[in-house]
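Dropping the structure in here first, questions after.
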Amino acid sequence: MANIVWHPHPIDQAARAAQKGQQPVLLWFTGLSGAGKSTLAGALERALFEAGLHTYLLDGDNVRHGLCQELGFSAADRAENLRRVGEVAKLMVDAGLVVLSAFISPTIKERSRLRALFPAGQFIEVHVATPLVVCEQRDPKGLYVKARRGEISDFTGISSPYEAPLAPELTIDTSQGELATQVAAIIEYLIDCGVMHGEREVATAS
């Protein structure tokens, strides 16, 4: 952009990460409405926080109360919502944080664009692959009922497609097993890839 120049700062991501004693990453939770993205991400953040990591959780509904409050749910507005969240997450990762983001993010193209913002290994895609029938049974916000009645247009999974990730780092079906086991599986992955150390005491959700 004309007349806009990126200003480098003397403290970089490596220095911020070293101060916190952790490897900054973005865990991107994607899946249908009602799949359990926010519940899973919230339980994981609690476990990471209690283990001493510096974290922040960006939730789809929460960002629409402020950062994206003027956006609707058209294709263009949803794309802009994800663009903003991706840029905020990038800044948070640059600050040395372990960032968790829970968004439907229905298309492969959108998620690929987000992944491209980060160096290899810093974007961890978690496909919350809970079946549609289970999500509809849960329907925590009553949105599926409205979508089936035609009261909500372009609703992901009903009148608008959801493109499942082709090669996510992790796949979790929250209708199978316990939440604590699911959180432990993600933590094991984070230990294996060096984001956190195995010797840290980790408390998982019960």
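For the range 19-41, name all the residues that are open to solvent by 10 Å² or more (accessible area, probe 1.4 Å) and in contact (Cβ under 8 Å) with a residue 40 or more places away in the chain.
19, 20, 22, 23, 32, 33, 34, 36, 37, 38, 39
Those residues that are of a type in the set (Val, Ile, Thr) and more than 20 Å from residue 108 (Cα to Cα), I need them from the range 28-84; list them, please. It would help to see each step written out before you state the result.
Applying the first criterion (of a type in the set (Val, Ile, Thr)) to the range 28-84 yields 30, 39, 55, 63.
Scanning the range 28-84 gives 39, 55, 63.
Another question about this same structure. Only one of 144, 162 is more than 18 Å from the chain's Cα centre (by Cα), buried (at least 17 other Cβ atoms within 10 Å of the Cβ) and of a type in the set (Ser, Thr, Tyr). Can you tell me which? Spell out the reasoning first.
Values: 162 fails: more than 18 Å from the chain's Cα centre (by Cα).
The conditions single out 144.
Where in the range 1-112 are there strands (runs of 3 or more DSSP E), lying fully within it, with 1 or more residues that are aromatic (Phe, Trp, Tyr)?
Details: elements: 25-30, 55-59, 98-102.
So the answer is 25-30, 55-59.
OK, next. Between a residue in the range 85-104 that is basic (Lys, Arg) and any residue that is surrounded by fewer than 23 Cβ atoms within 10 Å (Cβ to Cβ), which pairs come within a Cβ distance under 8 Å, given they are 6 or more apart or on different chains?
Sorted first by the residue in the range 85-104, then by its partner, the pairs are 90/117; 90/118.
How many residues does the range 46-74 hold that are surrounded by fewer than 18 Cβ atoms within 10 Å (Cβ to Cβ), at pLDDT 80 or above and within 15 Å of the chain's Cα centre (by Cα)?
Here the count works out to 3.
For the range 139-162, what are the residues that are farther than 16 Å from residue 78 by Cβ and part of a helix (DSSP H, G or I)? Steps first, please.
Initial filter on the range 139-162 (farther than 16 Å from residue 78 by Cβ): 139-142, 144-146, 148-151.
Answer for the range 139-162, where residues must be farther than 16 Å from residue 78 by Cβ and part of a helix (DSSP H, G or I): 144, 145, 146, 148.
Would you check if residue 5 is buried (at least 16 other Cβ atoms within 10 Å of the Cβ) and modelled with pLDDT under 90? I'd like the intermediate steps shown before the answer.
Numbers: buried (at least 16 other Cβ atoms within 10 Å of the Cβ): no; modelled with pLDDT under 90: yes.
No.
This table checks each residue for (1) closer than 30 Å to residue 95 by Cβ; (2) open to solvent by 20 Å² or more (accessible area, probe 1.4 Å); (3) modelled with pLDDT under 95; (4) touching a strand residue (DSSP E or B) at 6+ places or on another chain (Cβ under 9 Å).
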position	(1), (2), (3), (4)
122	yes, no, no, yes
131	no, yes, no, no
140	no, yes, yes, no
152	no, yes, yes, no
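The values are calculated or read from the model by the stated rules, or taken from the named source; none is laboratory data. Predicted model, so just to flag it, every value in this text is computed and none were measured. Glycine also receives a Cβ, built like all others from the backbone with ideal geometry; neighbour counts cover every protein chain displayed. Heads up: the accessible areas ignore ligands, DNA and RNA and are worked out on the full protein's heavy atoms, side chains in. Shrake-Rupley method; radii C 1.70, N 1.55, O 1.52, S 1.80 Å.
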